[in-house]
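Notes for the one structure printed next.
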Amino acid sequence: MGLEKKFALLEDLIKKCGGCAVVDGGFATQLEIHGAAINDPLWSAVSLIKNPELIKRVHMEYLEAGADIVVTSSYQATIPGFLSRGLSIEESESLLQKSVQLAVEARDRFWDKVSKVSGHSYNRALVAASIGSYGAYLADGSEYSGNYGENVSLDKLKDFHRRRLQVLVEAGPDLLAFETIPNKLEAQACVELLEEEKVQIPAWICFTSVDGEKAPSGESFEECLEALNKSNNIYAVGINCAPPQFIENLIRKFAKLTKKAIVVYPNSGEVWDGKAKQWLPSQCFGDDEFEMFATKWRDLGAKLIGGCCRTTPSTIKAISKDLKRR
């Protein structure tokens, strides 16, 4: 299936959803709720090694909650990260493939079950392979600062992402999700890599923001979107893992800067201290507020809406209920 047909598959899903599809929610959050210990440089990806069945269970929970797109557990799964744990290259690549396989198996099992029930309200979900930023691999909080240092060049970023991208694409997801991109340089690296590798799967690229106005690097989103707007591979652009209080303003901003679809999946509003590796209390959205604001975000132009860190299946159920209310 070529790029145009894959684009059509995603557009058809959004149309079936009434103009806005629901993305799943916080994956690591739900793993922790089930008792997984993920205070680890690999974060949620450590469960690929220790408890892959729990990963499938979490995917199923989000599907049951009404997610139209499930995102794989590969956000912090990288070949260098697995190698640092003593795994071989072959084992590392196998774990990346497994992240897609688990999501696909969960999606297929869920759809096989609900499609036999008349009058159900679900759509056959798509699987998005998560590709976390270089800062996510560093596990030092730099995805929220954009400060990679002078030695990190465009070519270094492409080299870092290349093999992981190849393996994930070969595993057969429906789309790719580049997440928490903090600066223009990495966004450009992702776009160029998709073109160089002749990837035939649509992608979205999500930045984050710590002030609700700019990328973490301090660069304007106008600068950051320049390369993305020219790319045939990019279906959607947007924001993930930023406080929900920022989302309305950011959708308005992005709507003026791009003709791409807009994707937003904020965190709950809690602030992550990347150095201390803990959540700091702050103004948070509960499920009721997500339910209330989801319609507004859609009406402002968002085509894909979900949740990120500290959101749960109950959050996604609330969003789905609101967006799919006729």
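The values are calculated or read from the model by the stated rules, or taken from the named source; none is laboratory data. All values reported here derive from a predicted model rather than from experimental measurement. Because the Cβ atoms are built from the backbone with ideal geometry, glycine has one as well, and the counts that use them run over all protein chains shown. Each accessible area value is taken on the protein alone, full model and side chains, heavy atoms only, with ligands, DNA and RNA left out. Shrake-Rupley method; radii C 1.70, N 1.55, O 1.52, S 1.80 Å.
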Scan 213, 219 and give me the residue that is in contact with a helix residue (DSSP H, G or I) (Cβ under 7 Å, 6 or more places away or on another chain), of a type outside the set (A, V, I, L, M), part of a loop (DSSP other than H, G, I, E, B) and surrounded by fewer than 23 Cβ atoms within 10 Å (Cβ to Cβ). 219
Please work out if residue 134 is modelled with pLDDT under 95, closer than 24 Å to residue 222 by Cβ and surrounded by fewer than 24 Cβ atoms within 10 Å (Cβ to Cβ). no
Identify, from the list 165, 157, 176, 194, the residue that is under 20 Å from residue 303 (Cα atoms) and crowded, with 20+ Cβ neighbours inside 10 Å. 176
I'd like to check something: does the stretch 20-39 contain any residue that is in contact with a Leu (Cβ under 9 Å, 6 or more places away or on another chain), farther than 21 Å from residue 312 by Cβ and open to solvent by 10 Å² or more (accessible area, probe 1.4 Å)? no
For the stretch 1-38, which residues satisfy the criterion of being touching a residue at least 60 places away in the same chain (Cβ under 8 Å) and basic (Lys, Arg)? 6, 16
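Conditions tested, residue by residue: (1) closer than 17 Å to residue 24 by Cβ; (2) under 15 Å from the mean Cα position of the chain (by Cα); (3) free of Cβ contacts under 8 Å to residues at least 12 places away in the same chain.
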| position | (1), (2), (3) |
| --- | --- |
| 40 | no, no, yes |
| 60 | yes, no, no |
| 64 | yes, no, no |
| 68 | yes, yes, no |
| 80 | no, no, no |
| 92 | no, no, no |
| 97 | no, no, no |
| 103 | yes, yes, no |
| 107 | yes, no, no |
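Kindly evaluate residue 232 against the criterion of being open to solvent by 50 Å² or more (accessible area, probe 1.4 Å) and touching a residue at least 40 places away in the same chain (Cβ under 8 Å).
yes
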Please indicate, with yes or no, whether at least one residue in the stretch 42-56 is crowded, with 21+ Cβ neighbours inside 10 Å, within 24 Å of residue 162 (Cβ to Cβ) and of a type in the set (S, T, N, Q). yes
